[in-house]
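Novice: Dropping the structure in here first, questions after.
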Amino acid sequence: MKELLYLKDEQLKGFIEKIFVTYRESFNDPKKILKKYELGTAHHKSLHLISFYKGITISQLLNKLNVTKQSLNRVLNDLKKLNLLEFKKDAKDSRVRHIYLSEKGNKIYSEIFVNQKKRIYKAFLNSSAKEVLNFDLVLKRILDEKF
């Protein structure tokens, strides 16, 4: 970090603004698809995590989303009504349920992902391997920072 001590507050505010706009635009891209299925951002986040962490438990999903049980239950119930999810009981503890995307859930998530990845893929194609790796490392450090 010593090399970066030259960064001024205005430059850091600029980075924060870029992170905000990147988030907004990346999640704005698939909104038409989400709207078609009467889904929102909360549904999208849940679908993404359930797709990425196959067999995630409700407790783990709550932790990753950092939302209340009530909020998550509303989202999961919506996704269940649309037959996008499958639940399987844990082999060792029947109180624990693992969540998977159903065939229909995978189809809808794939449609969303293909749309969303275009912007990110294009940025990576226009970057060097070193830039991509450094970007990933900086993101991890932002996420792992303890306040």
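Novice: Considering only region 78-121, how many residues are over 23 Å from Glu25 (Cα atoms), in contact (Cβ under 8 Å) with a residue 24 or more places away in the chain and basic (Lys, Arg)?
Specialist: So the count comes out to 2.
Novice: Now for a separate question. Of all residues being assigned to a strand (DSSP E or B) and not hydrophobic (A, V, I, L, M, F, W, C) in region 79-118, which is surrounded by the most Cβ atoms within 10 Å (Cβ to Cβ)? Just the residue, please. Full working, then the answer.
Specialist: First, the residues of region 79-118 that are assigned to a strand (DSSP E or B): 85-89, 97-101.
Next, only the ones that are not hydrophobic (A, V, I, L, M, F, W, C) stay: 86, 88-89, 97-98, 100.
Numbers: Glu86: 15, Lys88: 11, Lys89: 11, Arg97: 16, His98: 18, Tyr100: 16.
Among those residues, the one meeting the criterion is His98.
Novice: Quick one: would you say Lys45 is of a type in the set (D, E, K, R), under 13 Å from the mean Cα position of the chain (by Cα) and closer than 16 Å to Gly105 by Cβ?
Specialist: Numbers: of a type in the set (D, E, K, R): yes; under 13 Å from the mean Cα position of the chain (by Cα): yes; closer than 16 Å to Gly105 by Cβ: yes.
Criteria met by Lys45.
Novice: Only one residue in Leu76, Leu39 is out of contact with any Asp or Glu (no Cβ under 7 Å at 6 or more places or on another chain), crowded, with 16+ Cβ neighbours inside 10 Å, assigned to a helix (DSSP H, G or I) and at negative phi, so which one is that? Quick ask: steps written out before the conclusion?
Specialist: Working: Leu39 fails: assigned to a helix (DSSP H, G or I).
One residue alone meets the criteria, Leu76.
Novice: On the basis of being under 23 Å from Ile56 (Cβ atoms) and in contact with a helix residue (DSSP H, G or I) (Cβ under 6 Å, 6 or more places away or on another chain), does Ile120 make the cut? Spell out how you get there, then give the answer.
Specialist: Working: under 23 Å from Ile56 (Cβ atoms): yes; in contact with a helix residue (DSSP H, G or I) (Cβ under 6 Å, 6 or more places away or on another chain): no.
Against the criterion (under 23 Å from Ile56 (Cβ atoms) and in contact with a helix residue (DSSP H, G or I) (Cβ under 6 Å, 6 or more places away or on another chain)), Ile120 does not qualify.
Novice: Out of (1) surrounded by fewer than 15 Cβ atoms within 10 Å (Cβ to Cβ); (2) among the hydrophobic types (A, V, I, L, M, F, W, C); (3) at pLDDT 95 or above, the odd one out for Leu49 is which?
Specialist: With respect to (1) surrounded by fewer than 15 Cβ atoms within 10 Å (Cβ to Cβ); (2) among the hydrophobic types (A, V, I, L, M, F, W, C); (3) at pLDDT 95 or above, Leu49 is out only on (1).
The values are calculated or read from the model by the stated rules, or taken from the named source; none is laboratory data. Only a predicted model underlies this, so the values are computations on that prediction, with no experimental measurement involved. Glycine gets a Cβ as well: all are built from the backbone with ideal geometry, and neighbour counts include every protein chain shown.
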